[in-house]
Amino acid sequence: MKYALLALCLATPALADEYRATGDLGLIVERATGSLVVVDQSDRAAIGRIEGLGDLSHASLVYSPDERYAYVFGRDGGLSKVDILSREIVARVLQAGNSIGGAISDDGTLVAVSNYEPGGVRVFDAKTLEMVADIPTESKTIGLVDAPGRRFVFTLWDKGETWIADMKGAEPAITKVTGMGANPYDALLAGSGRTYITGLFGEDGLTALDLWDETPEPIRVLPGYGRGEEELPVYKMPHLEGWAEAAGEFVLPAVGHHEVLWIDARDFRETGRTETHGQPVFAMARPDGRQVWVNFAHPLNDTVQVIDRMTHEVIHEMKPGPAVLHMEFTPRGHEVWISVRDENRVDIYDTETFEKLGEVAAESPSGIFFTARAHRTGL
């Protein structure tokens, strides 16, 4: 029987894909066409496409624990569940008018979506996409992440508050932390799941929360940063989930400045600044923490710089092409994939030699998401 099944799989490519492993796969967002390209890391190649996902102009996604399903958060409020092996949409709901990302609970049973319109957070059953909780906030919500203990953490743009939603019971148990600062625009959760940091657009500095504290209180980080300096126009807000945590330091893109900031992850003390090519958008650490790769806002978005963690100095610069939007490391960091939107391709580089190893064609590519994300907190 098993030999007959194997023969059938080999003879039928579509069925064979149903039985392939998922650990080497990933998805590339094609923002202009509302589609996803399914890629194989080892082959450095596209193996399929999933279409019909709506407005993916600011899309992100998360994976189920088994790496088979991706939950795609579209800007049009669409939440889609896709099967990356059969390459089809298995469920889809238009849950809001304008959404800005989401998260999956640590046990993989719940998917939460952060909304601009009508605001608030909505939580769905990961199997069926039936809504199980509606958390109104009377505010745009940003910085939604999963936290250990079946919790979601998110921040309110209009109110300067962070809410922690504990989903272990029949109804969400909400803890509200006030005084986070004016107009928090994004946030991240450190890999340990302990430290949640928000960036502030309405004032200088950042704000941190210790989620291990029974009653978390705002911790101001770099409260004077930028004060008294010449303000530059902000062409694109940094994506704080692209902040790096590298060997005990946070590496943060500086809003409106051509530099990244280095902060001690234990006491939030500034440890250095690195001058960069332009205004950073993503500052992403190679998995071992030794390098930080940085891309930039328009009009200087054709360039990527590599910073050494030990010296805080730029050690390499490359120009993949116009509109570098996103970077993704392979799970152990030997390669990095870089989307070059205006050239309709994703470039692949060796992270030690910086040699270009290959490229994958994609229509206006933006986010790149490998299935290893299924096993990381805060994404």
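The values are calculated or read from the model by the stated rules, or taken from the named source; none is laboratory data. Quick caveat, the model's predicted, so the values are computed rather than measured. Cβ placement follows ideal geometry from the backbone for every residue including glycine, while neighbour counts extend to all protein chains displayed. All accessible areas refer to the heavy atoms of the entire protein, side chains included, with ligands and DNA or RNA removed. Shrake-Rupley method; radii C 1.70, N 1.55, O 1.52, S 1.80 Å.
Couple of notes before you dig in:
- Within the option set D134, D146, D107, being part of a strand (DSSP E or B) and exposed (fewer than 15 other Cβ atoms within 10 Å of the Cβ) holds for one residue only, D134.
- Residue ID - modelled with the highest pLDDT, chosen from residues in region 272-286 that are assigned to a strand (DSSP E or B) and either open to solvent by 10 Å² or more (accessible area, probe 1.4 Å) or small (G, A, S) (or both): E275
- Just one of (1) touching an Asp or Glu at 6+ places or on another chain (Cβ under 6 Å); (2) farther than 23 Å from G26 by Cβ fails for T137. It is (1).
- Cβ separations smaller than 9 Å between residues 6+ apart or across chains give the following pairs from region 84-100 residues that are closer than 14 Å to F73 by Cβ and assigned to a loop (DSSP other than H, G, I, E, B) to residues that are open to solvent by 60 Å² or more (accessible area, probe 1.4 Å) and modelled with pLDDT of 95 or more: Q95/M131.
- Scanning region 155-195 for residues that are among the polar types (S, T, N, Q) and closer than 22 Å to I104 by Cβ turns up T155, T162, T175, S192, T195.
- Some residue of region 349-357 being closer than 24 Å to A190 by Cβ, assigned to a strand (DSSP E or B), among the polar types (S, T, N, Q) and open to solvent by less than 30 Å² (accessible area, probe 1.4 Å): no
- Residues in region 252-271 that are more than 16 Å from I315 (Cα to Cα), open to solvent by less than 30 Å² (accessible area, probe 1.4 Å) and either free of Cβ contacts under 8 Å to residues at least 60 places away in the same chain or not aliphatic (A, V, I, L, M) (or both): L252, P253, A254, G256, H257, L261, W262, I263, D264.
- Filter result for N301 (among the polar types (S, T, N, Q) and open to solvent by 10 Å² or more (accessible area, probe 1.4 Å)): yes
- In the set (1) surrounded by 17 or more Cβ atoms within 10 Å (Cβ to Cβ); (2) assigned to a loop (DSSP other than H, G, I, E, B); (3) in contact with a His (Cβ under 8 Å, 6 or more places away or on another chain), G54 fails one condition alone, (3).
- Taken together, F296, F354, F282 contain a single residue that is hydrophobic (A, V, I, L, M, F, W, C), within 22 Å of L56 (Cα to Cα) and in contact (Cβ under 8 Å) with a residue 40 or more places away in the chain, which is F282.
- Within region 110-131, being on the phi < 0 side of the Ramachandran plot, of a type outside the set (S, T, N, Q) and either open to solvent by less than 30 Å² (accessible area, probe 1.4 Å) or in a loop (DSSP other than H, G, I, E, B) (or both) holds for L110, V111, A112, V113, P118, V121, V123, F124, A126, K127, E130.
- Region 304-320: number of residues that are in a strand (DSSP E or B), without any contact (Cβ under 8 Å) to a residue 40 or more places away in the chain and open to solvent by 60 Å² or more (accessible area, probe 1.4 Å): 1
- Scanning region 74-100 for residues that are at pLDDT below 95, open to solvent by 10 Å² or more (accessible area, probe 1.4 Å) and under 28 Å from I47 (Cβ atoms) yields R75, D76.
- Checked against the criteria, V121 counts as under 26 Å from H375 (Cα atoms) and touching a Ser or Thr at 6+ places or on another chain (Cβ under 9 Å).
- Of all residues in region 179-201, those being in contact (Cβ under 8 Å) with a residue 40 or more places away in the chain and open to solvent by 10 Å² or more (accessible area, probe 1.4 Å) number 8.
- Looking across region 233-251, not a single residue is within 11 Å of A190 (Cα to Cα), surrounded by fewer than 16 Cβ atoms within 10 Å (Cβ to Cβ) and at pLDDT below 75.
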